[in-house]
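Read through the structure below, which is laid out as structure tokens, and then see the notes.
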Amino acid sequence: MRDHRHAGLPHGNLPLELDAFVGRTAELAELAGALEGGRLVTLTGTGGVGKSRLAARAAARCAPRDGVWRVELAPVRDEEFVDYAVVEALGLTDHTTRLPRETLLAHLAERDLLLVLDGVEHLVDACAALTADLLGRAPGLRILAVGRRPLGVPGERLVPLAPLRPGEAVELLTVRAGQRHLPRGYDAGRDEGGREVRELCRRLDGIPLAIELAAGRLGALSPGQVLRRLDDRFRLLTGGDRTALPRHRTLRTAIGWSHELCTPRERLLWARLSVFAGPFDLEAAEYVCGGEGLAAADVLDVLCALLAQSVLTREETRAGVRYRMLDTVRAYGADWLEATGDAARLRRRHRDWYVGLATWCELEWFSPRQREVAARVDAELPNLRGALEHCLTEPDEAHLGQYLAGALWFHWVGCGRLSEGRRWLEQAVRLDAEGTAGEQPRLKALWVLGHVAILQGDTVPALAALQECREEAERSANPTAVAYAEHRTGCLALVSDDMPRAEALLRSALERYREIGELNSNVLMGQVELAMTRAFQGDLPDAVRLCEDVRRVCEDHGELWARGYALYVLAYAAWSDGDPARARELLADCLNGAHRFRDQLGSVLAVELLALVTLAQGDAAEAAVLQGAAARMWPSVGLPLFGSAHYNAPHELCEAAAREQLGDERYEERVRHGARLGRREAVSRALRRPGVPVSPPVPGGAGRRAAAGARTAKPAAPPTLEGGETAG
């Protein structure tokens with residue numbers, strides 16, 4: 001692969017190595033050669049043989065222009081979510097009705113990129129179909145698949161990974177055990193202890209995970225003691241015939257041996273922790289796993305013991321310290337949990353914790369902890385999905401599934417996961433519709449579903465969900481649900497350019513919110529949307545008044561997401577009044593915030609308006625670059641400028657004036673230059689202040705007249721204003 005590191009583009013999301021990489025020189029060279037010569041390489045081998053580590057090491061040595069991106073598929077249980085997992089790993093956002101496969105194809109079509117699909121064995125059919133489709137339509141893409149089985153796709157190059165050679169196995173054991181567990185100056189090649197270490201590694205068949213587990217026991221036992229205990233475990237599992245040790249059972253044997261060496265409380269916690277679908281924190285472990293034989297106060301000590309034995313790993317994340325179980329280790333614990341007869345109770349406790357977490361996060365979204373909430377939900381997504389799946393598949397739990405799907409509205413809308421959110425919401429509202437009709441959880445799921453569908457530009461299902469919500473809310477006398485249904489219907493009218501109707505609905509909804517004492521990010525967004533109706537109808541002072549009020553409330557409460565959209569409207573008003581310097585200041589604040597949240601919609605709206613401001617400050621060429629950058633961003637958000645003549649007017653004004661100043665050929669060349677910028681580069685470019693204006697600013701009045709003249713026929717309903725992506 002070509003080395004493009006000088007280009008300054010992001011290298012992807014490969015994790016940093018936290019400990020020494022031992023051995024595998026020949027295998028690393030073989031895998032690197034396969035990646036050079038083939039577009040699809042599959043690294044296969046038994047569980048625990050070190051496939052993921054070797055794949056990451058080999059991938060890190062590659063330097064494709066657009067980076068190396070790893071997709072962890074072990075937490076994915078449903079084949080339908082394979083595409084979503086790849087979209088998420090690539091950091092993509094798509095608010096449209098496009099399937100995630102279409103989003104991937106559009107993103108990868110012209111990129112030089114290595115995609116690592118790690119853990120494909122339980123999703124072979126889905127991964128094979130995805131791989132064939134992507135490779136067939138993205139010529140610059142290469143894929144490294146990692147799993148226990150090949151994909152069976154034409155052109156696939158297989159690289160089987162064998163266990164470690166004897167010398168490498170001994171080196172791994174001594175390195176991992178380290179000076180804490182082995183005497184200073186210890187040489188595995190000379191003394192009696194060295195003979196025992198070599199025999200131990202031979203009996204573990206050189207499988208790295210088994211060796212890692214053995215190293216974890218050397219703090220309490222000598223190599224000889226470990227070897228003797230392992231010998232007992234092997235006899236038990238093979239009927240005493242040592243020659244009948246099949247390699248595919250070695251890992252489970254090693255895990256079973258490690259399990260037997262645990263204390264009863266350690267075994268109990270191991271089994272209970274298997275209920276987590278992904279990384280978890282201490283508080284979750286204490287709540288879910290504490291009680292009935294293991295006090296919550298004792299969970300930390302037992303967890304630390306499992307950590308020391310390599311049953312768990314510890315990782316630092318933006319959401320704080322978290323713990324993870326390797327999938328094979330988790331599966332072993334899950335078998336034991338089922339055998340205890342306690343699995344159903346533990347799954348309920350897991351559900352309760354994550355329903356409570358979602359409740360807390362929804363409340364804290366409207367607070368100074370908004371970015372913390374975004375990071376927390378992002379980290380907890382595998383477990384939240386597990387809780388949703390439990391609620392939506394267990395009898396008599398439809399209301400909890402509806403509650404959880406609705407409570408996560410800020411994640412579906414604010415974190416760019418509209419497609420996934422819609423899938424959960426549609427499942428939730430279909431489930432036991434008669435039994436839960438009129439209940440608050442179902443009503444909330446309905447208006448959130450309507451909101452998501454509006455953001456995707458899917459008008460008919462949006463109207464159906466909102467109408468059903470309102471009718472059921474009125475029958476059950478639920479004023480909160482009536483207010484939200486009315487608000488979202490007003491959003492649809494806004495982006496459909498029906499300003500009088502949008503204004504009437506939004507004013508009515510805001511009045512209802514005041515009557516019931518509702519104040520949160522949704523309510524503030526309703527006021528921002530009302531301000532847009534006023535601005536589009538020519539009443540800029542009223543729009544400014546409304547958004548200044550939103551800004552004040554946001555700053556009082558530490559709310560950042562809705563504040564960004566209020567700044568956008570204020571910047572629009574400043575530009576319209578002929579004050580591009582003030583507009584740029586507001587938009588820089590807006591764009592900085594949106595970018596930190598990774599809010600695609602907020603970012604692209606700000607870049608679009610900054611193009612016009614840049615033109616007004618005398619740099620037509622740079623304005624064209626920003627228009628090109630925005631054009632590249634829109635497909636992952638939805639219909640450009642919502643298909644709205646009102647939102648599109650500044651864009652048309654900017655294009656017409658820039659073309660006039662630059663000429664068609666120069667304008668198109670600068671637009672193409674902007675379209676080559678990635679999102680981070682585009683944001684950085686947009687935030688760079690231009691130099692001294694070289695031509696007079698566009699007068700505000702002229703801007704408003706040109707914008708008014710640019711308004712044409714109404715398009716189909718596109719996404720609304722709120723659809724940002726947050727990932728703290």
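The values are calculated or read from the model by the stated rules, or taken from the named source; none is laboratory data. From a predicted model like this one, the values you see are computed outputs, not experimental measurements. Every residue, glycine among them, receives a Cβ derived from its backbone with ideal geometry; neighbour counts consider all protein chains shown. In case anyone asks, the SASA skips ligands and DNA or RNA and just uses the protein heavy atoms, side chains included. Shrake-Rupley method; radii C 1.70, N 1.55, O 1.52, S 1.80 Å.
Remarks
- Tally of residues being touching a Gly at 6+ places or on another chain (Cβ under 8 Å) and within 16 Å of residue 352 (Cα to Cα) across the stretch 400-428: 2
- The stretch 425-439, residues that are modelled with pLDDT of 90 or more and either open to solvent by 10 Å² or more (accessible area, probe 1.4 Å) or in contact with a Cys (Cβ under 9 Å, 6 or more places away or on another chain) (or both): 426, 427, 428, 429, 430, 439
- Test for residue 641: is it surrounded by fewer than 24 Cβ atoms within 10 Å (Cβ to Cβ), touching a helix residue (DSSP H, G or I) at 6+ places or on another chain (Cβ under 8 Å) and in a helix (DSSP H, G or I): yes
- For the condition open to solvent by less than 20 Å² (accessible area, probe 1.4 Å) and either modelled with pLDDT under 90 or not charged (D, E, K, R) (or both), residue 119 qualifies.
- Selection within the stretch 129-152 - under 22 Å from residue 99 (Cβ atoms), more than 22 Å from the chain's Cα centre (by Cα) and open to solvent by less than 20 Å² (accessible area, probe 1.4 Å): 138, 151
- Within the stretch 610-631, one or more residues are aliphatic (A, V, I, L, M), in a helix (DSSP H, G or I), surrounded by fewer than 24 Cβ atoms within 10 Å (Cβ to Cβ) and without any contact (Cβ under 8 Å) to a residue 60 or more places away in the chain.
- Residue 8 being exposed (fewer than 15 other Cβ atoms within 10 Å of the Cβ), at pLDDT below 90 and on the phi > 0 side of the Ramachandran plot: yes
- Scope the stretch 308-363; condition among the aromatic types (Phe, Trp, Tyr) and open to solvent by less than 40 Å² (accessible area, probe 1.4 Å); matching residues: 323, 332, 354
- Helices (runs of 4 or more DSSP H) enclosed by the stretch 474-556 - at least 1 residues per element that are under 25 Å from residue 412 (Cβ atoms) and touching a residue at least 60 places away in the same chain (Cβ under 8 Å): 479-495, 521-536
- The sole residue among 324, 345, 314 that is over 27 Å from residue 177 (Cβ atoms) and not in a loop (DSSP other than H, G, I, E, B) is 345.
- Inter-residue pairs, beta-carbon under 6 Å, first small (Gly, Ala, Ser) and assigned to a helix (DSSP H, G or I) and in the stretch 215-230, second at pLDDT 80 or above and buried (at least 20 other Cβ atoms within 10 Å of the Cβ), 6+ apart: 215/173; 215/176; 215/177
- Any hit, the stretch 293-307, residues being open to solvent by 60 Å² or more (accessible area, probe 1.4 Å), of a type outside the set (A, V, I, L, M, F, W, C) and closer than 30 Å to residue 525 by Cβ: no
- Considering residues of the stretch 76-89 that are more than 19 Å from residue 12 (Cβ to Cβ) and open to solvent by 40 Å² or more (accessible area, probe 1.4 Å) only, the residue modelled with the lowest pLDDT: 77
- Selection count where residues are of a type outside the set (S, T, N, Q), more than 19 Å from residue 492 (Cα to Cα) and in contact (Cβ under 8 Å) with a residue 12 or more places away in the chain, scope the stretch 427-468: 10
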